[in-house]
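Worksheet: the structure to be examined is printed underneath.
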Amino acid sequence: MTEKEKKAGKPKKAKEDEKPVVEEGAKEVVKETEAEEVEPIIDAATSGVLGEAVEIVDESILKKKVRQGLEEESLEERQRMWVPRTDLGKRVYRGEITSMQQISRMSIPVKEVEIVEKLMPEMQEEIIDVGRVQRTTDSGRRTRFRVVAAVGNNDGFIGIGCAKGKEAGPTIRKAIARAKMNVKEVKRGCGSWECGCGTPHTVPFKVLGKSGSVTVELKPAPRGVGLVSGEVAKSMLSLAGIKDVWVKTDSYTRTGLNFALAVFNALINTNYMKVGEREIKNLNIVTGPIKGSSPVVKTEDASN
């Protein structure tokens, strides 16, 4: 065999992979995205905890998906395209019902989100908890998102909703819709013996709420104390319009869903306490909103 034949029989060396041509503007974008994803991993790796790095990556991904899920069509477009399907929705659409207080007095369940959006367009939304749940099937583990959302007008109305789904965006919208259809009134007053200012800034009396193993106790606080509680309870109480309160919790409050439901149950229980006319005048107890165009319950009696 000649040298030429040997050289011809040898396979050619593979050339180095050629780098794709990238424009200057695209290079900057790639560098920024890589820095955003790598920086939290490097910070956690330097601390010597690998599990912390995984949690930070998951949290950053969830936050991005939450921001994408909150981008939806405007409120005016939804109201313009709304075709009511229930009798309550038709009455709201015709203008026969003009406030959420009228619906709460009738004890009729709300089955359409557009009803709440039309009567209370100033409703604020907040994501309480975003987590992942797994279910083992024959084909393996199925991972889904669980979102807990709360809505409120910062003036006596609050709602909470929970939803699960494969994608974060639709699941967030579903949780917010369920929270709006679960809006309830809250009683407020000046129930602290240390205050006596007469303005409805706290809960009128001590109330208890429970969900699962979590128990929450709300106590009236004097004006200026603020919301002495955790982040979950603080966000929900502010949505309800409560400015000062002492919160006492029991059991495993790191479970965001049970903690939020316990606070919501405590706020609802303010409506089930029997209160006489004398206490209503002394504590200035108000049910529902105290500002805006919505009617106020027993404000005249409380002011006398």
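The values are calculated or read from the model by the stated rules, or taken from the named source; none is laboratory data. All values derive from a computational prediction rather than experimental measurement. We place every Cβ from the backbone using ideal geometry, glycine too, and count neighbours over all the protein chains shown.
Checked against the criterion of being among the aliphatic types (A, V, I, L, M), part of a helix (DSSP H, G or I) and at pLDDT below 90, the candidates 66, 116 yield just one match: 66.
A quick yes/no check of all residues on (1) out of contact with any Cys (no Cβ under 7 Å at 6 or more places or on another chain); (2) charged (D, E, K, R); (3) closer than 30 Å to residue 131 by Cβ; (4) surrounded by fewer than 21 Cβ atoms within 10 Å (Cβ to Cβ):
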| residue | (1), (2), (3), (4) |
| --- | --- |
| 226 | yes, no, yes, yes |
| 241 | yes, no, yes, no |
| 245 | yes, no, yes, no |
| 250 | yes, yes, yes, yes |
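Take residue 131 and tell me if it is more than 29 Å from residue 205 (Cβ to Cβ) and at pLDDT below 95. Yes: the conditions hold for residue 131. Residues in region 212-234 that are of a type in the set (Lys, Arg) and in a helix (DSSP H, G or I): 234 only. Of the residues examined, residue 96 is not one that is closer than 20 Å to residue 256 by Cα and out of contact with any Ser or Thr (no Cβ under 9 Å at 6 or more places or on another chain). Collect the residues in region 154-170 that are buried (at least 23 other Cβ atoms within 10 Å of the Cβ) and under 13 Å from the mean Cα position of the chain (by Cα), keeping them in residue-number order. Matches in region 154-170: 158, 159, 160.
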